[in-house]
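Note sheet for the following structure.
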Amino acid sequence: MQVYLDNNATTMVDPLVVEVMQPFFSEIYGNPNSLHKFGTASHPAISKAIDQVYKALNASDNDDIVFTSCATESNNWVLKSIFNDHIVSGDKNHIITTEVEHPSVLAACRALEKEGAKVTYLPVNSQGVVEPHVVRSFITDKTALVSVMWASNETGMIFPIKEIGEICKEKGVLFHSDGVQAVGKIPVDLQAVHVDFLSMSAHKFHGPKGIGALYIRNSQPLSPLLHGGEHMGGRRSGTLNVPYIVAMGKAIELATTNIEEKMASIRAKRDRLEDALLELSDTFVVGNRENRTPNTILISIRGVEGEGMLWDLNNGQIGASTGSACASEDLQANTVMLAIGADSELAHTGIRLSLSRFTTDSEIDYTIAHFKKAVLRLRAISSSYAKVAPTPGGESKACELHH
Amino acid sequence: MAKNDLLGASLWDAYSNKVTTLMNNPNHQGEITEQEAAEHGNRLIVADFGAESCGDAVRLYWEVDPKTDIIVNSKFKSFGCGTAIASSDIMTELCIGKTVKEAVKITNIDVEFALRDSPDIPAVPPQKMHCSVMAYDVIKKAAALYMGVDAESFEEEIIVCECARVSLKTLQEVIRLNDLTTIEQITDYTKAGGFCKSCIKPGGHEKREYYLVDILRDTRREMDEEKMKAAADAGSKGSFESMTLVQQIKAIDAVIDESVRQFLIMDGGNMEVIDVKPSEDYVDVYIRYLGACNGCASSATGTLYAIEATLKEKLSKKIRVLPI
């Protein structure tokens, strides 16, 4: 059996999504900007996809949702355009973000620091989230933008976006959220929270790789990164990726329709897996379940180094991750684990398991059995675990890791 | 960057079959107890190296025959990735049957080489070489415990790149002898910095005492200082060709002030040195005539010849004077 539990890295494309995008490769292939019927033939499908995305996010018709190539582009677009629009002009020079953002935010911020931006990287609490009062305390009259992820790619922890949005609105500061791990996993209602910009990527909710979007709240100016034609209302140039836009529309519709029901089903499987793995002694799961995306577990197994564990899982045909997929070959400790105060040994043991709506009960059973076998094997080799004094009854819990 | 770098290679694909096999089924994993060693009349040595906080740690067990100093059995435990486990396993195998003194000579290069499927193809990707280094270090630690000495006493040289075992002395010599100016050149000549890259500059996987960027900078600075000193010494000894440009200009001015200028001034003229440019065969001295010399018929013939001859005689036969 093969089990894919790395859905926070990417997801399988839903067969229904594949089906709707197919005709736009070979049958309806005209450039949508062309005036002839070959081009205009794709307009109804694009229009439908736009409607599907707006509906899924409950965006207002006055807002813009612009298709991009991925969330990395969307994140870079916001940060770099705010830099160009505000920081270069000299009226504001400060960006606030967190220590645990995706590299597409952190690396862009570091690049902007070299250009003259002042960036504050906020710490997270023992649950791995930034607290609203911390955001408030760092906002100054020089702050141009606050950028905080909606949910963590590594821990699944959901950030207090509503509260942070209210603070930004009150202070007159623009607010961007990297929603890549939230859209399609939990309800995202853009009229219920004050977010000026939201990044997303279709391949995180069973759409194809290479298509994403940026939500821009009504009337917020944001200079384009890509200049050229007048595509996407002049917001982003580049010929429209018609099959992928159509696919993203269908994917987000499928992911968000009856989302509470889908969440409950995924959460039940996740919790069963988590409970079973926590039967192993000296194991720890980061963050409480209530405030986590329903598909994610970041588990630390005392004495078992992360890559070694990943190796054994891979041998058992189980795909998982030591953290973010972008850093899975990195030799460093899990940065989120360090940020939330895990000791540095434990930070080398984190394994992320992320489910999807396609994960089955039998796959969970198989994973539990193989995971336990791998832990026993690697602990038998482990020099570290040999030195750990046995905990009476084995201390295993879903706990807060303390500083 | 090139075509082959556009898609990052899979880390595990770069492991040899031996690494894969030993990771899955290590032959020497486990412990040796005091009781077992005592039953065989042997001495048990247990050495730890690395730290869980760094993501890599190893514990090495040796059962040593005290009469012969031969390691009769060896086992390990490891907190680490696949390469750490495989390296530790092959390291214990290499120790068995050797005397402690022989075992100390096993380097990380030997460990990595023993893991290869084919002599020409590395067993692990570059960033994983540090795992074999740890195996080497724990052997030294075990030997030190057995012999009652400091583990550092086995190291005769300061090792900068542990993956490639390149010493500080070697690096300094190679930079000097080959006039190296970049880290890439150092890696090409010595392999230092070509593996886990921790030794290139601060901020890598492991904190290092010495970094290639500092060694290159300091050695280049020493070379420049030595060159300047040599030039200054050469100048004081009158060797024109070995002088720095500034020294050459000063020397030319001194000769002109001493032996040429007063004759020109007597005739209502003068001259100034505009530039000095060394070429392959000559040192070209560009001059400009001033006052009566400017436009004088002799300035291009007799006077010019006299100035050049004086400089040739006093400084160097290679001097050529060019009026502009």
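Need at least 1 residues that are open to solvent by less than 20 Å² (accessible area, probe 1.4 Å), charged (D, E, K, R) and modelled with pLDDT of 95 or more per element, so show me which strands (runs of 3 or more DSSP E) inside region A:87-179 make the cut, counting only ones lying wholly within it.
Hits in region A:87-179: A:174-178.
Residue pairs, Cβ under 8 Å, 6 or more apart or interchain, first in region A:358-384 and facing chain B (nearest Cβ under 10 Å), second of a type in the set (Asp, Glu) and assigned to a helix (DSSP H, G or I). List them.
Note: pairs meeting the criteria are A:ARG377/A:ASP312; A:LEU378/A:ASP312; A:SER384/B:GLU52.
For B:ALA306, indicate whether it is within 30 Å of B:MET228 (Cα to Cα), open to solvent by 20 Å² or more (accessible area, probe 1.4 Å), of a type outside the set (Ser, Thr, Tyr) and out of contact with any Cys (no Cβ under 7 Å at 6 or more places or on another chain).
No; evaluated as a whole, the condition is false for this residue.
Kindly evaluate B:GLU258 against the criterion of being surrounded by fewer than 12 Cβ atoms within 10 Å (Cβ to Cβ), modelled with pLDDT under 90 and not in a strand (DSSP E or B).
Criteria met by B:GLU258.
Can you name the residue in region A:214-234 that is part of a loop (DSSP other than H, G, I, E, B) and closer than 22 Å to A:ALA182 by Cβ and is also least open to solvent (accessible area, probe 1.4 Å) among such residues?
A:LEU222
Would it be correct to say that B:THR21 is more than 9 Å from chain A (Cβ to nearest Cβ) and either among the acidic types (Asp, Glu) or part of a helix (DSSP H, G or I) (or both)?
yes
Being open to solvent by less than 70 Å² (accessible area, probe 1.4 Å), assigned to a loop (DSSP other than H, G, I, E, B) and closer than 30 Å to B:LYS227 by Cα: is that true of B:CYS163 here?
no
How many of the residues in region B:23-79 are surrounded by fewer than 16 Cβ atoms within 10 Å (Cβ to Cβ) and of a type in the set (S, T, N, Q)?
Number of matching residues: 7.
I'm trying to understand the selection: among the residues of region B:148-160, which are buried (at least 16 other Cβ atoms within 10 Å of the Cβ) and within 25 Å of B:LEU44 (Cβ to Cβ)?
B:ALA151, B:PHE154
Got a number for residues in region A:182-213 being open to solvent by 10 Å² or more (accessible area, probe 1.4 Å) and not in a loop (DSSP other than H, G, I, E, B)?
Of the residues in region A:182-213, 3 are open to solvent by 10 Å² or more (accessible area, probe 1.4 Å) and not in a loop (DSSP other than H, G, I, E, B).
If B:ALA57 meets every condition in (1) modelled with pLDDT of 90 or more; (2) within 14 Å of chain A (Cβ to nearest Cβ); (3) not in a helix (DSSP H, G or I) apart from one, which number is that one?
B:ALA57 satisfies all of (1) modelled with pLDDT of 90 or more; (2) within 14 Å of chain A (Cβ to nearest Cβ); (3) not in a helix (DSSP H, G or I) except (1).
Could you check how many residues of region A:65-85 are out of contact with any Gly (no Cβ under 7 Å at 6 or more places or on another chain) and under 17 Å from A:GLY249 (Cα atoms)?
3
Hey, does region B:94-109 have a residue that's in a helix (DSSP H, G or I), within 14 Å of chain A (Cβ to nearest Cβ) and either crowded, with 24+ Cβ neighbours inside 10 Å or not polar (S, T, N, Q) (or both)?
No, there is no match, as no residue in region B:94-109 is in a helix (DSSP H, G or I), within 14 Å of chain A (Cβ to nearest Cβ) and either crowded, with 24+ Cβ neighbours inside 10 Å or not polar (S, T, N, Q) (or both).
Keeping to region B:75-91, report how many residues are within 12 Å of another protein chain (Cβ to nearest Cβ) and either of a type in the set (A, V, I, L, M, F, W, C) or touching a Ser or Thr at 6+ places or on another chain (Cβ under 7 Å) (or both).
10
In region A:313-322, what residues are open to solvent by 10 Å² or more (accessible area, probe 1.4 Å) and within 13 Å of another protein chain (Cβ to nearest Cβ)?
A:ASN314, A:ASN315, A:GLY319, A:THR322
If B:SER74 satisfies every condition in (1) touching a Leu at 6+ places or on another chain (Cβ under 6 Å); (2) at pLDDT 95 or above but one, which is the exception?
It is condition (1) that B:SER74 fails.
Taking the conditions exactly as written (assigned to a helix (DSSP H, G or I) and small (Gly, Ala, Ser)), does B:ALA142 satisfy them or not?
Here the answer is yes, as B:ALA142 does meet what is asked.
The values are calculated or read from the model by the stated rules, or taken from the named source; none is laboratory data. Not measured: the values here are computed from a predicted model. Note: ideal-geometry Cβ built from the backbone for every residue, glycine included; neighbour counts use all protein chains shown. Accessible surface is based on the protein model in full, side chains and every heavy atom, while ligands, DNA and RNA are left aside. Shrake-Rupley method; radii C 1.70, N 1.55, O 1.52, S 1.80 Å.
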